[in-house]
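Take a look at the structure below.
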Amino acid sequence: MKNVMKLVLCMYLCAGCTEESRYLHYALKAAGDNKSELKAVLRHYSMEDMDAEKLEAAKYLIINMPAHYSYRDTAAINSYYRKALAILGTGPNPDWQRDTLRQISDMEYAGIAKDIISDVRIMTADYLISSIDKAFHEWRTRPWSRHLTFDEFREWILPYKVTEMQSMDAWRDTLSLHYSDSISTIPETDVKRNSIYGAIEIVRNELHSKLSDIGHRIIWEDRGSIPMRSAATWVRMTYGSCKDYVTMGTAVFRSLAMPAVVDQVPAWGRNSDGHSWYVFLDDRGREQPTINSLILGAGMQFYPYERIPKVWRNSYTINRDVAKYRNTAKYVYPFDLCQQDVTNHYNLTSDLQIEVDRSIKLKDRKYVYIAMVVNENGPQWKVLDYGRLKKGVACFRNMGRNMLYIVLGYDGKQLVPISDPFILQKSGKVKYIGRSERITVSKDLRRKYYESYNVVNMRRRLIGGRLQCSDTPDFKEALTLYTIKDTDIPYLIEMDVPREYRYWRYLSPNGSWGSIAELSFHDKDGVKMNGRGIANAEAGEDAIERAYDGDPLSNFEINQPDGNWVGMDMGKPVRVHYACVLPRSDDNDVCPGNYYELFFFNGTEWCSLGCQEADNNSLHYDNIPLNTLLWLRNYTRGTNERPFILKENGDTEWW
């Protein structure tokens with residue numbers, strides 16, 4: 001395998017990059033004993049089916065084939081797929097099917113993913129010719145794809161596989177037959193049928209409908225089993241990640257000559273998670289990205305609130321720059337050899353020249369790396385791309401703006417920071433962090449993660465809310481004790497109560513739908529008081545229970561915007577001294593009883609400013625450095641954590 005990989009890389013290093021014949025020579029050399037099969041394909045389109053475009057297509061596929069892989073043990077993977085087909089759609093739910101197949105994967109097929117082989121070593125002439133002929137037939141006969149150029153067809157439809165480790169089966173036949181019920185019943189003259197936009201939406205709807213019929217579920221939280229990569233398992237797939245589903249969907253679209261590719265972000269700009277989606281070319285040649293697996297169609301704005309550092313397109317074509325990097329770097333980060341950088345298709349980008357610390361001794365003075373910070377059991381720098389080091393300046397291309405980055409270099413053992421962290425602003429200007437004299441302040445911290453638009457909206461729903469007490473359960477003569485005037489709500493709201501009352505409530509402002517996460521009442525010592533939950537007549541018992549269940553992610557909310565309240569019947573008159581009203585949120589506020597640690601980045605590593613157990617909804621820290629990267633860890637629960645900066649004016653800036 002290593003020898004094959006070296007030959008792949010040599011294809012782009014030992015010859016002029018426009019010399020197709022030289023690339024073809026190296027691909028055939030990489031094929032080894034399988035060279036005769038590939039030559040048979042070229043001979044077929046040169047002498048038997050003398051089609052110039054098919055010959056060019058065959059050369060293109062063979063030239064790039066050494067960079068694509070399959071399982072070496074086809075008998076083993078086919079055995080696994082047979083077991084998967086017997087389990088998919090059975091049992092209590094898709095989670096059970098995933099767990100069952102994961103156990104089978106781990107117990108019976110543990111080493112299969114490590115035993116792979118380049119397609120150039122196993123491709124048969126019959127399979128490649130059949131795949132090429134079917135792709136051309138669909139392209140040349142389908143009404144929605146006839147306007148595509150050869151180059152568009154070659155990149156978006158032609159390849160014999162959509163993803164690595166895909167079975168070399170009759171996937172075009174299987175998928176086009178299974179998902180063409182709707183498209184085949186529409187007359188040739190129908191406008192939607194004659195456009196890619198319309199046709200792909202017809203098939204996507206059928207995909208979504210048939211997946212719903214078999215009870216599919218997108219699973220995000222942990223690893224699954226061996227991925228489904230055969231046509232038979234694709235049509236029965238009941239679980240998978242977003243990438244699994246869009247890969248399957250892309251294969252379906254290509255089987256019907258609908259031009260589609262898979263794009264992905266390694267991590268969103270203010271998140272540790274990545275995402276994958278499919279893109280198609282519409283009738284005007286524009287790329288149409290989708291946003292949510294196969295559930296929603298194209299046309300919605302693409303994730304308008306997300307910051308995007310990098311977008312990579314999964315391609316069949318070898319990325320020549322990455323091939324050169326992998327053959328010449330002293331430290332090789334596992335960038336995909338066949339991904340193309342399309343960040344500027346989605347976002348404003350900048351080419352960067354970043355000053356680095358020249359005093360740091362590097363083993364590799366040629367390549368450097370740009371990274372963002374993510375949460376992997378605490379703050380870690382995640383590599384996004386590589387660049388070149390030129391005269392002490394790190395140079396990178398096509399980086400998404402409004403992002404926090406750092407430059408890393410290889411010191412012979414590991415990647416280490418060699419620049420100050422910096423912000424690539426919306427304007428394209430670079431602002432370095434931590435270059436001024438360090439000033440410290442005291443501060444109460446209330447969150448470990450930035451507030452999304454939804455969190456902000458839910459906090460605002462409390463403004464105007466009132467805490468009241470009454471002698472009667474209808475609150476006709478209610479006494480207002482406190483009115484919420486802004487979103488900076490104390491954890492325990494102190495109330496000046498003149499005497500004892502039996503009934504207590506939170507009255508939500510009109511237009512707020514009653515939204516709160518938790519409500520509690522406390523005595524003069526702060527001890528929670530118990531009673532029976534009550535609310536307006538439109539609220540059910542389950543809604544009332546959610547206001548008192550201790551779960552900040554379950555919410556009291558009523559299906560009407562106005563006139564809502566929730567409270568407590570104490571059973572007898574009592575004097576309440578404090579109330580706690582928690583807004584609907586994402587559970588990233590500081591939570592009493594949870595254990596936290598605050599870190600700052602000193603330019604080299606993350607250093608602790610101390611651990612605390614929260615006793616209310618804030619943590620007090622002294623000696624917090626201003627204009628420095630900070631990170632608040634919660635060791636009790638949750639994974640959403642992001643870096644932030646305290647500014648001189650008291651504001652918190654999240655990244």
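Of all residues in region 596-643, those being on the phi > 0 side of the Ramachandran plot and among the polar types (S, T, N, Q) number 2.
Screening Ile104, Ile117 for residues that are out of contact with any Asp or Glu (no Cβ under 6 Å at 6 or more places or on another chain), under 30 Å from Lys39 (Cβ atoms) and surrounded by 15 or more Cβ atoms within 10 Å (Cβ to Cβ) leaves exactly one candidate, Ile117.
Evaluation of Ser436 against the conditions (1) surrounded by fewer than 15 Cβ atoms within 10 Å (Cβ to Cβ); (2) at pLDDT below 95; (3) within 30 Å of Gly526 (Cβ to Cβ) shows that the sole unmet condition is (3). Among the residues making up region 47-100, those that are at negative phi and of a type in the set (Gly, Ala, Ser) are Ala52, Ala57, Ala58, Ala67, Ser70, Ala75, Ala76, Ser79, Ala84, Ala86. The number of residues in region 429-461 being over 22 Å from the mean Cα position of the chain (by Cα) and outside any loop (DSSP other than H, G, I, E, B) comes to 15. A residue that is surrounded by 13 or more Cβ atoms within 10 Å (Cβ to Cβ) and out of contact with any strand residue (DSSP E or B) (no Cβ under 9 Å at 6 or more places or on another chain) cannot be found anywhere in region 493-509. Taken over region 391-404, the criterion of being in contact (Cβ under 8 Å) with a residue 24 or more places away in the chain and either farther than 19 Å from Arg358 by Cβ or not in a strand (DSSP E or B) (or both) is satisfied by Gly392, Arg397, Asn398, Met399, Gly400, Arg401, Asn402, Met403, Leu404. Taking region 331-378 as the range and being in contact (Cβ under 8 Å) with a residue 60 or more places away in the chain and on the phi > 0 side of the Ramachandran plot as the test, only Gly378 passes. Taking into account only those residues within region 347-360 that are at pLDDT 95 or above and not aliphatic (A, V, I, L, M), which is farthest from Thr604 (Cα to Cα)? Per the criteria, the residue is Thr349. Contact map, region 464-479: first residue farther than 12 Å from Tyr506 by Cα, second residue among the hydrophobic types (A, V, I, L, M, F, W, C), Cβ cut-off under 7 Å, separation 6 or more or different chains; pairs are Pro473/Ile534. Restricting attention to region 28-44, the residues that are surrounded by 14 or more Cβ atoms within 10 Å (Cβ to Cβ) and either outside any helix (DSSP H, G or I) or in contact (Cβ under 8 Å) with a residue 24 or more places away in the chain (or both) add up to 9. Scanning region 274-284 for residues that are in contact (Cβ under 8 Å) with a residue 40 or more places away in the chain and surrounded by fewer than 18 Cβ atoms within 10 Å (Cβ to Cβ), we see that the one that is farthest from Cys338 (Cα to Cα) is Asp283. In region 582-598, the qualifying residues are those that are of a type in the set (Ser, Thr, Tyr) and over 21 Å from Ile463 (Cβ atoms), and the one that is surrounded by the fewest Cβ atoms within 10 Å (Cβ to Cβ) is Tyr595.
Taken over region 291-340, the criterion of being within 14 Å of the chain's Cα centre (by Cα), aliphatic (A, V, I, L, M) and either at pLDDT 95 or above or not in a loop (DSSP other than H, G, I, E, B) (or both) is satisfied by Ile308, Val311. The residues of region 136-157 that are within 16 Å of Val252 (Cα to Cα), assigned to a helix (DSSP H, G or I) and touching a Phe, Trp or Tyr at 6+ places or on another chain (Cβ under 9 Å), listed by number, are Phe136, Trp139, Phe153, Glu155, Trp156. When Ser209, Ser182, Ser225 are checked against the criterion of being in contact with a helix residue (DSSP H, G or I) (Cβ under 7 Å, 6 or more places away or on another chain), at negative phi and not in a loop (DSSP other than H, G, I, E, B), Ser182 stands alone in meeting it. Consider Lys161 carefully, then state whether it is of a type outside the set (A, V, I, L, M, F, W, C) and free of Cβ contacts under 8 Å to residues at least 60 places away in the same chain. When the stated conditions are applied, Lys161 does not pass them. Quick check: anything in region 79-86 over 30 Å from His44 (Cβ atoms), part of a helix (DSSP H, G or I), of a type in the set (Lys, Arg) and more than 26 Å from the chain's Cα centre (by Cα)? Yes, some residue in region 79-86 is over 30 Å from His44 (Cβ atoms), part of a helix (DSSP H, G or I), of a type in the set (Lys, Arg) and more than 26 Å from the chain's Cα centre (by Cα). Only residues that are among the aliphatic types (A, V, I, L, M), part of a loop (DSSP other than H, G, I, E, B) and either at pLDDT below 95 or more than 34 Å from the chain's Cα centre (by Cα) (or both) were counted across region 534-557, and they come to 3. All told, Lys426 meets the bar of being of a type in the set (D, E, K, R), farther than 20 Å from Glu518 by Cα, touching a residue at least 40 places away in the same chain (Cβ under 8 Å) and part of a loop (DSSP other than H, G, I, E, B). Of all residue pairs spaced 6 or more apart or on separate chains, those with beta-carbon atoms under 9 Å, a first member in region 137-152 that is in the same structural domain as Asp173 (by TED's automatic domain parsing) and a second member that is among the polar types (S, T, N, Q) and part of a helix (DSSP H, G or I) are Glu138/Ser176; Glu138/Ser255. The residues in region 269-290 that are in contact with a Ser or Thr (Cβ under 8 Å, 6 or more places away or on another chain), in a strand (DSSP E or B) and not hydrophobic (A, V, I, L, M, F, W, C) can be counted, and the count is 2.
Of all residues in region 590-641, those being under 30 Å from Gly550 (Cβ atoms) and outside any strand (DSSP E or B) number 17.
The values are calculated or read from the model by the stated rules, or taken from the named source; none is laboratory data. Note that the structure is predicted; figures quoted are calculated from it, not measured. No Cβ is skipped: glycine too gets one built from the backbone with ideal geometry, and neighbour counts run over all protein chains shown.
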